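Beneath this line is the structure, given in structure tokens, with notes to follow.
The values are calculated or read from the model by the stated rules, or taken from the named source; none is laboratory data. Remember, it's a predicted structure, so these values are computed and weren't measured experimentally. Note that we place each Cβ from the backbone using ideal geometry, even for glycine, and neighbour counts take in every protein chain shown. Areas reflect the complete protein model, heavy atoms only, side chains present, ligands, DNA and RNA absent. Shrake-Rupley method; radii C 1.70, N 1.55, O 1.52, S 1.80 Å.
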Amino acid sequence: MKDLAGKHIVLGLTGGIACFKAAELCRSLVKEGATVQVVMTEAAEHFITPVTMQALSNRPVYGSQWDPREPNSMPHINLSRDADAILIAPASADFMAKLLHGRADDLLSLLCLARPAASVPLIVAPAMNREMWAHPATQRNVAQLKADGVEVLEVGQGEQACGETGDGRMLEADEILADLIAFFTPKVLAGQHVLVTAGPTYEAIDPVRGITNLSSGKMGFAIARAAREAGADVTLVAGPVSLPTPRAVGRVNVKSARDMLTAVQAHIEQATVFVATAAVADWRPATAADQKIKKDGSGDTPELRFIENPDILATVAQSLRGQRGFRGEPGGLFCVGFAAESHDLLSHASAKRTRKGVPLLVGNIGPATFGQDDNALLLVDAQGAIEVPRASKLELARKLIAEIAQRALGPGQKQ
Ligand code: C5P
């Protein structure tokens, strides 16, 4: 299932060099299943041609309110009525000022004003020079647009086309896409703080060698993304993996199980949901050598002794028992564990749920999922087990987040 299947997006382009990113954005929207109607201001046409946008959107591009192709001469009405959202990317400083005042002297501003505001949300991705962005007039306009119900996306930071460096770049196409998908997601975890562990841990033997496992971190990263889409503030404590950080998720990188425990303990106070997806090493070498252990030519092999690592999930669940409830009452914490098994999933997962002292445990077959983009889950709680059939990890993560929201918050408290 594509993330924007069935959605119709009016993509508005205003004048700015970031128009080049709108081409990629248009392509990504179409790839995710949306139909895209491009509307450009005259200034935008100085930066990118309507032909490019037409080819990428597969639809004629509109630029003028006097467009003779519309039999009733009302493109501002015709183009805005069946949209699921109007997305202005890039939104110039001038265009935002126009929106704010309800000006309507070109097709794009006219159709923004004429849209049925209750059913067609307006989302803007600002793009401008850092001085323009920082100017009190622009900041005032941004605040007022938000107060008027417009969704103003963040700006990026970094090198600008003018040669200066600072805030005001338009977000990258993939970031805008992620924000748009999140925008359409029901906010079942609004106001919640979700802490997720993901990936393997790495337990050093010496400065160049260590013990790890085949966990890719994909499931935990997908859960962090899905939780953010559902409106939560998300912190992701990640073992050594090179996956990109999901949009608007706070990431803490760790290596060993003990580092992971420290990072979790630093964030657990604020958390209302804790999802322990990480494949934490059960044991670590009893001592890690300061220097590389060398072969001495004798044929002797080094003796490795192990000691047990802390169980992060059990530590968190047990230390909270009696202090903070499991459900979503203020100050409560809902803990979710994962079990990667090779066989007898139900019995192992049920036993693990009781042993760890958590309300929900998610079982999966380790060898069938490590490194893969899809998986199948078994959700085990006090009531029994539910199978979630094989699907992409992102789809599973979204289903899991819905199940967590239902259990942690109860139907009455969902937003
Ligand atoms: O490794 P095990 O099967 O016991 O993992 C079950 C759950 O406990 C997982 O959610 C995992 O993230 C968590 N865990 C942990 N710290 C450990 C071992 C496991 O948090 N040392």
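Can you tell me which residues in the stretch 338-369 are more than 11 Å from the ligand (Cβ to nearest atom) and either outside the structural domain of residue 243 (by TED's automatic domain parsing) or out of contact with any helix residue (DSSP H, G or I) (no Cβ under 9 Å at 6 or more places or on another chain) (or both)?
Answer for the stretch 338-369, where residues must be more than 11 Å from the ligand (Cβ to nearest atom) and either outside the structural domain of residue 243 (by TED's automatic domain parsing) or out of contact with any helix residue (DSSP H, G or I) (no Cβ under 9 Å at 6 or more places or on another chain) (or both): 343, 344, 345, 346, 347, 350, 354, 367, 368.
Each row is one residue, and each column tells you yes or no for (1) open to solvent by 20 Å² or more (accessible area, probe 1.4 Å); (2) in the same structural domain as residue 405 (by TED's automatic domain parsing); (3) under 16 Å from residue 200 (Cβ atoms); (4) within 16 Å of the ligand (Cβ to nearest atom).
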| position | (1), (2), (3), (4) |
| --- | --- |
| 241 | yes, yes, yes, yes |
| 247 | yes, yes, no, no |
| 262 | yes, yes, no, yes |
| 273 | no, yes, no, yes |
| 299 | yes, no, no, no |
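Output the residues belonging to the stretch 111-133 that are in a helix (DSSP H, G or I) and over 27 Å from the mean Cα position of the chain (by Cα).
Within the stretch 111-133, 111, 112, 113, 114, 131, 132 qualify.
Quick check: anything in the stretch 79-95 farther than 30 Å from residue 391 by Cα, part of a strand (DSSP E or B) and open to solvent by 10 Å² or more (accessible area, probe 1.4 Å)?
no
In the stretch 354-415, which strands (runs of 3 or more DSSP E) lie fully inside it and hold 3 or more residues that are at pLDDT below 90 and not charged (D, E, K, R)?
By residue number, no strands (runs of 3 or more DSSP E) qualify.
Restricting the stretch 352-369 to residues that are without any contact (Cβ under 8 Å) to a residue 24 or more places away in the chain and open to solvent by less than 50 Å² (accessible area, probe 1.4 Å), which is farthest from the chain's Cα centre (by Cα)? I'd like the intermediate steps shown before the answer.
First, pick out the residues of the stretch 352-369 that are without any contact (Cβ under 8 Å) to a residue 24 or more places away in the chain: 352, 354, 368.
Pick out the ones that are also open to solvent by less than 50 Å² (accessible area, probe 1.4 Å) and you get 352, 368.
Working: 352: 29, 368: 25 Å.
Only one residue tops the list, namely 352.
What tally of residues in the stretch 32-56 results from selecting those that are touching a helix residue (DSSP H, G or I) at 6+ places or on another chain (Cβ under 9 Å) and under 30 Å from residue 374 (Cα atoms)?
Number satisfying all stated conditions: 5.
I'd like to check something: does the stretch 21-36 contain any residue that is β-branched (Val, Ile, Thr) and within 20 Å of the chain's Cα centre (by Cα)?
yes
Does residue 230 qualify as being assigned by TED's automatic domain parsing to the domain that holds residue 360, among the aliphatic types (A, V, I, L, M), farther than 22 Å from residue 356 by Cβ and open to solvent by less than 20 Å² (accessible area, probe 1.4 Å)?
When the stated conditions are applied, residue 230 passes them.
Could you count how many residues in the stretch 193-218 are at pLDDT 95 or above, part of a loop (DSSP other than H, G, I, E, B) and crowded, with 23+ Cβ neighbours inside 10 Å?
Qualifying residue count, the stretch 193-218: 3.
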